[in-house]
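Okay, so here's the structure we're looking at.
The values are calculated or read from the model by the stated rules, or taken from the named source; none is laboratory data. All of these numbers come straight from a predicted model, not from anything done at the bench. Cβ sites come from the backbone with ideal geometry, for glycine too, and all protein chains shown count toward neighbours.
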Amino acid sequence: MEILRSAMAGTLESSDAQVTVEPGEGGIELELSSSVMNQYGRQIKATVLETLERLEVKDARVTVVDKGALDCTLKARVECAVFRSCGKSAENIPWGGAVR
Amino acid sequence: MKNAVGRDIPEYLLTGGREVYQGKNYMDGKYITKASPRTRRCEAPQESKVVESIRAALEQCGAKSGMTFSFHHHLRDGDYVVNQVMAVAIEEMGLEDLTIAASSLGNAHDPIADYIEQGKVVGIQTSGIRGRMGEVVSAGKLKTPAIIRSHGGRPRAIEGGEVHIDIAFIAAPTSDCVGNCRGIGGKSNCGSMGYAMTDAKYADHVVVVTDCLVDFPNMPASVEAIDVDAVVVVDSIGNPKKIASAAARISQNPRDLMMAENVAKVIAATPWFKDGFSFQTGVGGPSLAANLFLEKYMDERGIKMGWAIGGICGPMVELLKKGKVGKVIDVQDFDLDAVNSINQTPGHYEMSASQYANPANKGAFVNKLDFVVLAALEIDTGFNVNVLTGSDGVLRGAPGGHPDTAAGSKVCIIVTPLTRGRMATVCEHVVTVTTPGDCVDVLVTDYGIAVNPLRPDLIECLDKAGIPHVTIESLKEKAYSLVGRPDDLEWEDKVVAVLEARDGTILDVVRKIKPYTGTEE
Amino acid sequence: MIPRPRPERFRLRRTMMFMNAQKPGLIKDAYIYGCDSIMLDLEDAVAENQKDAARFSLYHALKTVDYGSTEVIVRINGLDTPHWREDIRVCVAGGADGIRIAKCESAQDVKTVEAAVEAAEEEFDVERGRTLLMAALESPKGILNAYEICCASERMLGVAISGGDLRKCLQTSPQRDGVDMLAARGQVILAARAAGVQCFDTVFTNLDDQEGFEAEVLQNKAMGFDGKSLINPKQIRFVHQVFAPTQKEIAQAEKIIRAYREQSASGVGVFTVDGKMIDIAFIPGAERTLKLARACGLYEGDLV
C-alpha cells in the first residue's frame, strides 16, 4: 500500500500504542519509543515491521509511541493507520488476508 | 559469590565481615555491639534551642563535607525538608561528598538528582528510590552504590553502627522550643513519627525542622527534647495534600476486588484465622481491599482481630472504632483518618521502626504477625519478590517493610495482577530480589492462586477449603503467553545499588542498565 | 490463532458483560471475571470516528485472545448506519460466536443481517451457519414484533431488552419496582418462550445502587429471564448467585432424570416421583437445572 497522507491510530492510554504514518522518503523509517523498551523493544520493532511488510508498505515514516500494548494491539494500530492514510479504513478490509 | 537466592554478589563488596544472604534467620542468636553516638552535653539550662535558620543549625552541629545526614519519610511525597536542608548545605555552605541516609526517598526529592549528577551527594542509603533520583542512580551517576534497606534493616544498621549519622533532621509537624516533637497538632500533620525515632537516639546531632512551634511541653513527644540539639522554624515543612490523602479509599477496580476477595478466602482457610489474630496489609489497591472482605469472614465466624500493625490508613482505623480490632500499632500514617486517630482513638498507638521490624532486637512486632498481605512489582517461580526495580531494570520502588513482615509472619500473601500493561508480574527471574522466596507463602493473582511448595500445610488448608490453586510455573507461562517472553535485560558490570537483606547480608545488587534504543541492528 | 469450538445456540447465558471493543486493556482478558458471555461493543461505546480502529482491534483480539469457554458476542452498529456491513465482515472473519443486532425492529432486520452473515461466511470460508444472532429490542415496535424477530432465523439464540432508548420511547424512567418495563419484559418473555429462544434483561446502570440492582435481578429471575446484560464485572457474582438452583431443586432434578432413565429403559413412559406425576416433558427442565448447577459449581455428578 502507498502512504498517501499522514494518518494516526491509537491512543496514549496504558496498554495502547499511538501509531502515526507519513509518506516516506524512500524506505521505512521507524521511530519507536516504549514504556517497555528494554524488555520488548526488539519484539515491538519486529511486529511493526512485519505488519508493514504484510501490507506492502515500502515507503513510510512511522512513529510508534507504545504504552505497553500487546502485539495484537500494535498490529491493529499499525494497520488502521495505514488504511486510514489511503482513505480505505472504513470498508472491505482484507480480514484474514493482508490483515491477520 | 552466589547467595541463597542464587544471585551473584561481586567479591569486592564482601569486605569488613560482610556476607552474602544465607537464608532466613541466619543471624539468629548472634551478638551485636550497639553503636553509641558522640553527643554534646546541654548541662546549663537553656531557654530555647530555636536557631534562626537551617544554616545556623548546620553550623552549630559542625556540618562539614563528607558527613552523613539522615531524614525520615513521614511527609511522603509532600516533603520539603530533604530538599531544603540539602540546598542550604550544598548551595549556601558549599559542602561536598555528602551522604543521605533516609528511611525513604520519593518523587518529592527530584532536585537531589541534580546534586548526585554534580557529585555533591556521593552516597544514598534508603528504602525507597524513585523518580529522577532512581533514574540517575540507575544510570550510574552516584559515586558509591546506593544502599537499599528494609524498614527493619535500617534501624538494625543504625544501631549496629553500619550507618553512622552525623546529623539527623527531624521533620516535625509540631515542636516546642527545646525539640519535643509530635506528628499532630500543626499544619502539616503526619501522625506517627516511627521512622525518626532510632535516628534521634543514634545520631551525633539532631536538628528539628518544624513549621509549627507550640508551647512547651509538646506531649506526648514522638521525638524527645533530650536528644535534640537545635530547632529550626521554617515556613512550611511540606505540602499537606501530598503528606496524607483525605482518605485512602478502597479500590472499586473489579480486578482488585476479585483478588482481594481471594486473599480473604485464603486467610479464612488457615488455622491462624481465629479470634485475636494479627494482620498487616499494604495500602495498594487489592491489598487494602482485602480488609473489606476479611471483615465479612470475621463477622461470619464471630471473631475479632487482636491487633494490626504497619503503615495505617482509614479502613483499619474504622475497624478499630467498630471494635473489630483490639489494637492498632502504627509506624506511619497514610491518610487523615489515621493521622487524626493515632494516640487519640483508644487502642491506636505509635511505634518506632525498630519496634516494628528490626531483626536484630528482641521483640519486633513483625515476629508476632499471623498474616501479611503485600503487593509486588514482580514475583518469580522461586517466589522471590521484587519491589525495587521496574522490569526495565530502573530503580523505582522500595522494599519498605515488605521483607520484614514477610519473614516474620506465619502467612505472607502476595497479591498482584498477573500482568501490568505488557509487563509480566509473574516471571522466570525477578530483576532484583528484595524479599527472598523462603519468606513468601501464597501468591494471589487475577488468573489464579499459587502456594509455595515450602508450605505443604497451606496447600492442605486450601484443598480442604476447596480453594483452587495452580503452580506458580503455570501462572508464569500464562503471563508470558499473554505478553510475550521478555528479552533479557542487558547490564554493565558497574553496581549502582546494593540491596541488603534485613539481617545485613547482601541479597542482591542492581547494576547499570544498558538501555535498548531501537536503533541497534 | 486460538481455535474456538462451534458456538452453541442453547447454552448457559446468565451474564453478558459489555466491553468497549476499542479499549485494548479491557478486551484482552474480560473473561477472568467468569461471566458466561462477553459482549464486545462496536456500537455506543465506540466514537463515530473510531469505528474503523475498533474493528482492527476487535479482529486481532478475536484471533489472539483465548477466551476459553466464555462466549464472545459482538454488538454491531445499527442497520441505519454506514458501519454494520463491515462490522459483520469482521465478526465473521474473526470468528465471533455471535452477533447482537442493535435496534432490531422486525424479522426483516434479522433476515437482512442473516444474509450479510451468510455472505461473509462464504467470503471468509467460515462454516455456514456457525455465527449465531441475537437481537436487541430497543423500541416499542421491536418489543411488539418480538415473536416474529425470535422466529426469524435458525441462528437466533435469543433477544435482549435494551432499556435506555426504550424507556425514552415509553416516556418513563427507571422505577424501583420495575413497573416502567413491566409490559416490555412480559411481552419479550412470552415471545422468547413461544419461539423457544432465550431472553435477557437490560443493563442496570447505577453502580452505586446495589440494592436496586439486586431487586431487579431477583425480579428478572422471578419473571423467567435466562440472564441479564451487565456493565461491570462486580455485577456478575450476584446474578450467578440468584440464578443458581437451590439444593432442593438440584436433588429433585437428579431424581427425575434417574427415575426417567430407569423407567424408560423398562418401557414405562409415565411414573411418579415423590407423589408427582412425571413424563418426558419434565426432562429438559431437569437437565437445564443440573447444567446450571454444574456451571455454578453446585453439581459434580454425571447425569448431564
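Results, tabulated for the structure shown:
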{"item": "Residue tally, condition among the hydrophobic types (A, V, I, L, M, F, W, C) and free of Cβ contacts under 8 Å to residues at least 60 places away in the same chain, over the stretch B:242-272", "result": "2"}
{"item": "Hey, A:Gly87 more than 14 Å from chain B (Cβ to nearest Cβ) and of a type in the set (Gly, Ala, Ser) or not", "result": "yes"}
{"item": "Residues (within 14 Å of chain B (Cβ to nearest Cβ) and not charged (D, E, K, R)) located in the stretch A:11-34", "result": "A:Thr11, A:Leu12, A:Ser14, A:Ser15, A:Ala17, A:Ile28, A:Leu30, A:Leu32, A:Ser33, A:Ser34"}
{"item": "Lone unmet requirement of (1) over 22 Å from B:Leu257 (Cα atoms); (2) within 14 Å of another protein chain (Cβ to nearest Cβ); (3) free of Cβ contacts under 8 Å to residues at least 12 places away in the same chain for B:Gly466", "result": "(1)"}
{"item": "Residues located in the stretch C:81-138, provided they are assigned to a helix (DSSP H, G or I), within 20 Å of the chain's Cα centre (by Cα) and farther than 18 Å from C:Ser57 by Cβ", "result": "C:Ala107, C:Asp109, C:Val110, C:Lys111, C:Val113, C:Glu114, C:Val117"}
{"item": "Checklist (1) facing another protein chain (nearest Cβ under 10 Å); (2) within 22 Å of B:Val483 (Cα to Cα) applied to A:Val65, failing item", "result": "(1)"}
{"item": "Checking B:Glu477 against (1) at pLDDT 95 or above; (2) part of a loop (DSSP other than H, G, I, E, B), the condition it does not meet", "result": "(2)"}
{"item": "Exclusive hit being over 30 Å from C:Asp180 (Cβ atoms) and β-branched (Val, Ile, Thr), set C:Ile256, C:Ile236, C:Ile231", "result": "C:Ile256"}
{"item": "Residue within the stretch B:130-139 that is touching a helix residue (DSSP H, G or I) at 6+ places or on another chain (Cβ under 8 Å), of a type outside the set (Lys, Arg) and over 30 Å from B:Tyr12 (Cα atoms) present", "result": "no"}
{"item": "Residue within the stretch B:350-370 that is touching a Lys or Arg at 6+ places or on another chain (Cβ under 9 Å), under 26 Å from B:Asn262 (Cβ atoms) and at pLDDT 95 or above present", "result": "yes"}
{"item": "Selected residue (criterion: farthest from C:Cys91 (Cα to Cα)) from residues of the stretch C:112-141 that are among the hydroxyl-bearing types (Ser, Thr, Tyr) and away from chain A (no Cβ under 14 Å)", "result": "C:Ser139"}
{"item": "Unique match (being under 15 Å from B:Asn343 (Cα atoms) and of a type in the set (Ser, Thr, Tyr)) among B:Ser188, B:Ser175, B:Ser192", "result": "B:Ser192"}
{"item": "Matching residues, the stretch B:311-329, being of a type in the set (D, E, K, R) and either assigned by TED's automatic domain parsing to the domain that holds B:Met197 or free of Cβ contacts under 8 Å to residues at least 24 places away in the same chain (or both)", "result": "B:Glu318, B:Lys322, B:Lys327"}
{"item": "Whichever residue in the stretch B:248-272 is of a type in the set (S, T, N, Q) and modelled with pLDDT of 95 or more and, among such residues, is nearest to B:His469 (Cα to Cα)", "result": "B:Asn262"}
{"item": "Breaking point among (1) among the small types (Gly, Ala, Ser); (2) touching a strand residue (DSSP E or B) at 6+ places or on another chain (Cβ under 6 Å); (3) within 21 Å of C:Gly129 (Cβ to Cβ), for C:Gly94", "result": "(2)"}
{"item": "Subset of the stretch B:481-502 that is basic (Lys, Arg) and outside any strand (DSSP E or B) - its residue that is nearest to the other protein chains (Cβ to nearest Cβ)", "result": "B:Arg485"}
{"item": "Where a residue in the stretch B:206-219 is among the small types (Gly, Ala, Ser) and its partner, wherever it lies, is buried (at least 18 other Cβ atoms within 10 Å of the Cβ), with Cβ under 8 Å and at least six apart", "result": "none"}
{"item": "Matching residues, the stretch C:220-248, being surrounded by 17 or more Cβ atoms within 10 Å (Cβ to Cβ) and either among the polar types (S, T, N, Q) or farther than 28 Å from C:Leu40 by Cα (or both)", "result": "C:Asn220, C:Ser229, C:Gln235, C:Pro245"}
{"item": "Matching option when the condition is within 13 Å of chain A (Cβ to nearest Cβ) and of a type outside the set (Lys, Arg), among B:Thr505, B:Thr519, B:Thr471", "result": "B:Thr519"}
{"item": "Residue in the stretch A:35-62 that is surrounded by the fewest Cβ atoms within 10 Å (Cβ to Cβ), counting only those that are assigned to a loop (DSSP other than H, G, I, E, B) and more than 10 Å from chain B (Cβ to nearest Cβ)", "result": "A:Glu56"}
{"item": "Selection within the stretch B:210-231 - in contact with a helix residue (DSSP H, G or I) (Cβ under 9 Å, 6 or more places away or on another chain), part of a strand (DSSP E or B) and surrounded by 24 or more Cβ atoms within 10 Å (Cβ to Cβ)", "result": "B:Val223, B:Val231"}
{"item": "Residue tally, condition in contact (Cβ under 8 Å) with a residue 40 or more places away in the chain and not in a loop (DSSP other than H, G, I, E, B), over the stretch B:330-364", "result": "15"}
{"item": "Some residue of the stretch B:444-453 being of a type outside the set (A, V, I, L, M), closer than 29 Å to B:Gly23 by Cα and away from every other protein chain (no Cβ under 14 Å)", "result": "yes"}
{"item": "Residues of the stretch C:13-45 satisfying the condition of being buried (at least 21 other Cβ atoms within 10 Å of the Cβ) and more than 18 Å from C:Val65 (Cβ to Cβ)", "result": "C:Arg13, C:Arg14, C:Thr15, C:Glu43"}
{"item": "Residues (surrounded by 14 or more Cβ atoms within 10 Å (Cβ to Cβ) and closer than 17 Å to C:Arg75 by Cβ) located in the stretch C:201-219", "result": "C:Asp201, C:Thr202, C:Val203"}
{"item": "Candidate set from the stretch B:69-80 (those that are at pLDDT 95 or above and either surrounded by fewer than 19 Cβ atoms within 10 Å (Cβ to Cβ) or touching a Phe, Trp or Tyr at 6+ places or on another chain (Cβ under 6 Å) (or both)); member that is farthest from B:Ile342 (Cα to Cα)", "result": "B:Phe71"}
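Quick grid of which residues meet (1) small (Gly, Ala, Ser); (2) without any contact (Cβ under 8 Å) to a residue 60 or more places away in the chain:
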residue: B:His74; (1), (2): no, no
residue: B:Gly94; (1), (2): yes, yes
residue: B:Leu98; (1), (2): no, yes
residue: B:Gly119; (1), (2): yes, yes
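The rows are residues; the columns are (1) in the same structural domain as C:Ala45 (by TED's automatic domain parsing); (2) under 27 Å from C:Ala192 (Cβ atoms).
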site: C:Glu216; (1), (2): yes, yes
site: C:Phe238; (1), (2): yes, yes
site: C:Asp274; (1), (2): no, no
site: C:Thr289; (1), (2): no, yes
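For every residue, the table says whether it meets (1) farther than 30 Å from C:Leu144 by Cα; (2) hydroxyl-bearing (Ser, Thr, Tyr); (3) at pLDDT 90 or above.
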site	(1), (2), (3)
C:Asn20	no, no, no
C:Asp52	yes, no, yes
C:Asp80	no, no, yes
C:Trp84	no, no, yes
